[in-house]
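For reference, the structure discussed in these notes is given below.
The values are calculated or read from the model by the stated rules, or taken from the named source; none is laboratory data. Every value quoted in this text rests on a predicted model; they were computed, and no experiment measured them. Every residue, glycine as well, gets a Cβ built from its backbone with ideal geometry; the counts of neighbours run over all protein chains shown.
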Amino acid sequence: MTETRIDDCLSNRDGVLFIEELASTELVERFGSPLFVFSENQIRRNVRRFKDAFEAGWTAGPVKVMPAAKANWTYAIQRVLAEEGCGADIYSAGELDVALRAGVDPRFISANGVPKEKEHIRRTLEVGARLTIDSLRDVDFLEELAPTLSKTAHVRLRIRPAISGFVKSSDFVAEGLVPTDITALLYKGGLSIDEVIEAGKRVMKLTHVEVVGFHQHHGRHKATTEYWEAQMRAYARDVGRVCKALGGYQPEEISIGGGFAIPRDPHNAATHYSDPVAFGALHLLSLGLKYLGSKIRYFVIDKLMGVAVKGAPNTVPAPSIEEYGRATTAALLEALPKHGVDPAGIMLQLEPGRSIHGNTGVHLSTVEATKKMTSPIKWNVVTIDTTEFWLVGGRYEHHLHDFRIANRLDAPPTMKADVAGRSCYGDRLLGAVSLPEVEAGDLFAMLDTGAYQEVSASNFNAMPRPASVLVTDNRAVVIRRAETLDDVFARDELPKHLAPAETAEPREQHGAVTPLAAKG
Ligand SMILES: Cc1ncc(COP(=O)(O)O)c(C=O)c1O
């Protein structure tokens, strides 16, 4: 057998993609297609690398890795993180629930986000989790709840620092060149400096409430360490300002949020800033060519599209976890004292989401058909049995995922094709990528689908969502079963007046779902 490593958990063995010790072909045979596959060892490896890298740099105090539950809140995955001693960034009552059930220590659960319901805040405080103040409304609720609490509430103040020196365009805005500092300021998360100070003053007046530190999360605007350094300097400046305004307050913990890119960073790879210009030019040209007749017009457009329209996964690796660790901690350690904050003893917390989960997941699907158009223009479309509606997080961020033909890894690329999913939308999962000749039954693997994808899947077109399996060495177990059609319709209720009249042919005879109960 010949084996080539693709990365930590992926390898090419005799032309077949292996996830840890299991062949992707075998996984699909056992569990069906499409399938979300997660590597347990890769999750543990990512967590340990973050912990080691940040501990090496943050010499002032302890470090806590608190992965963003939103990136993958599957119960089994949260159990792996709890076993690794992780905390959790949670956004909702549901994420709080799964983190607690998984056994995450509530002292290292941070309830972030805006808006928050009062009941969610109450539960957060009652279980002893951290409340991150992200609006003055959170303070209103806290003032109301504080006298009723049985234990001291621990809260942190979320700052939205202006990274004023960082005017490079943000990757967040795919459509154009918006400076990072402006994009970050317009984001709903975090409080402006005046509001943080107001919130801090109000919270500090409350009994049974302790302000334990600060939080910030800027997001993945740029993959570079330079961006992280700028972020940390801006954060340290604003932490210093708030501490001063609160009468020389000294934080015990500082969270820097998430937003670290994954190695094969697929973020916004499906778009390019020059696209609007290129498409605009093509459009104008096409309008002009109309007067020369459709034959000439199609001929020219075909030639232009052959050269100009192509997609390819990103090949520039993002900084490593270790590089992020060094740059981030050094910038923070240098900047905090400059702004009057002594870092000694402060716990540094981080909330990586995509960078813990992204490269732990592979989405396997099966090729259904290839369509080859030769006239009036040449274009190929390969359809696969999955859909963008099961990979929503990535679509939202304009991902172009790296991919493999998992049962024939060594087949050389011979054609350019769109890879399209099964929903009735265009469902263009990968645009104009280079592929080998594929046939129905080939296995299509989209890499790096471990974060934000399965957890954002929907039932568009009434399609039952696929199963998830966890691979650990040579074992694979279902951690979220595939949905049935009954699951898809489980929440539907039929008012009595719309109940169908008795028919001679019950619906089951069509092989459809069991009839929905008519409810009054
Ligand atoms: C507060 C907070 N922390 C962490 C994260 C994780 O971000 P990422 O997945 O980019 O690391 C998010 C994502 O939105 C967030 O809102």
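Worth a mention:
- Flag for Leu282 being more than 30 Å from Ala236 (Cα to Cα), in contact with a helix residue (DSSP H, G or I) (Cβ under 7 Å, 6 or more places away or on another chain) and at pLDDT 90 or above: no
- Only one of Leu142, Leu131 that is within 16 Å of the ligand (Cβ to nearest atom), outside any loop (DSSP other than H, G, I, E, B) and closer than 23 Å to Gly94 by Cα: Leu131
- Top-ranked residue in segment 204-226 [being touching a residue at least 60 places away in the same chain (Cβ under 8 Å) and touching a helix residue (DSSP H, G or I) at 6+ places or on another chain (Cβ under 6 Å); ranked as farthest from the ligand (Cβ to nearest atom)]: His208
- Condition met for Arg137 (within 22 Å of Glu253 (Cα to Cα), more than 19 Å from the chain's Cα centre (by Cα) and at pLDDT 95 or above): no
- Subset of segment 443-474 (residues that are assigned to a loop (DSSP other than H, G, I, E, B) and of a type in the set (Asp, Glu)): Asp448, Asp473
- Selected residue [within 19 Å of Phe18 (Cα to Cα), at pLDDT 95 or above and of a type in the set (Lys, Arg)] from Arg428, Arg408: Arg408
- Sole exception among (1) modelled with pLDDT of 95 or more; (2) farther than 14 Å from Thr387 by Cβ for Arg465, by number: (2)
- Matching residues, segment 173-189, being buried (at least 19 other Cβ atoms within 10 Å of the Cβ) and over 19 Å from the mean Cα position of the chain (by Cα): Thr180, Asp181
- Tally of residues being within 16 Å of the ligand (Cβ to nearest atom) and aromatic (Phe, Trp, Tyr) across segment 416-455: 1
- Selection count where residues are within 14 Å of the ligand (Cβ to nearest atom) and among the small types (Gly, Ala, Ser), scope segment 102-128: 3
- Filtered residues of segment 245-264 (kept if surrounded by 16 or more Cβ atoms within 10 Å (Cβ to Cβ) and farther than 22 Å from Met232 by Cα): Arg264
- Flag if Thr207 is more than 24 Å from Lys64 (Cβ to Cβ), among the hydroxyl-bearing types (Ser, Thr, Tyr) and buried (at least 20 other Cβ atoms within 10 Å of the Cβ): no
- Candidates Gly361, Gly340, Gly311, Gly345 - the one that is more than 16 Å from the ligand (Cβ to nearest atom), farther than 24 Å from Arg158 by Cβ and either in contact (Cβ under 8 Å) with a residue 60 or more places away in the chain or outside the structural domain of Asp402 (by TED's automatic domain parsing) (or both): Gly311
- Meets criteria (in the same structural domain as Glu323 (by TED's automatic domain parsing) and over 20 Å from the mean Cα position of the chain (by Cα)) for Lys70: no
- When residues in segment 334-346 are screened for being surrounded by 15 or more Cβ atoms within 10 Å (Cβ to Cβ) and in a helix (DSSP H, G or I), 2 of them pass.
- Candidate set from segment 60-84 (those that are small (Gly, Ala, Ser) and touching a residue at least 24 places away in the same chain (Cβ under 8 Å)); member that is nearest to Gly361 (Cα to Cα): Ala71
- Answer residue from segment 231-264, given it is more than 29 Å from the chain's Cα centre (by Cα) and outside any loop (DSSP other than H, G, I, E, B) and is farthest from the ligand (Cβ to nearest atom) among those: Lys244
- Looking at Ala331, Ala327, Ala318, Ala270, just one residue is surrounded by 13 or more Cβ atoms within 10 Å (Cβ to Cβ), more than 30 Å from Gly248 (Cβ to Cβ) and either at pLDDT 95 or above or assigned by TED's automatic domain parsing to the domain that holds Arg404 (or both), and that residue is Ala318.
- Only one entry in Ser170, Ser164, Ser150 is within 16 Å of the ligand (Cβ to nearest atom) and either surrounded by fewer than 13 Cβ atoms within 10 Å (Cβ to Cβ) or small (Gly, Ala, Ser) (or both), namely Ser170.
- Residue in segment 280-288 that is in contact with a Gly (Cβ under 7 Å, 6 or more places away or on another chain) and touching a residue at least 24 places away in the same chain (Cβ under 8 Å) present: no
- Some residue of segment 358-376 being within 30 Å of Gln216 (Cβ to Cβ) and in contact with a His (Cβ under 7 Å, 6 or more places away or on another chain): no
- Restricting attention to segment 66-90, the residues being at negative phi, out of contact with any Leu (no Cβ under 6 Å at 6 or more places or on another chain) and either within 16 Å of the ligand (Cβ to nearest atom) or among the small types (Gly, Ala, Ser) (or both) number 16.
- Taking the numbered list (1) closer than 20 Å to Glu397 by Cβ; (2) among the acidic types (Asp, Glu); (3) surrounded by fewer than 18 Cβ atoms within 10 Å (Cβ to Cβ) in turn, Glu351 passes all entries but (3).
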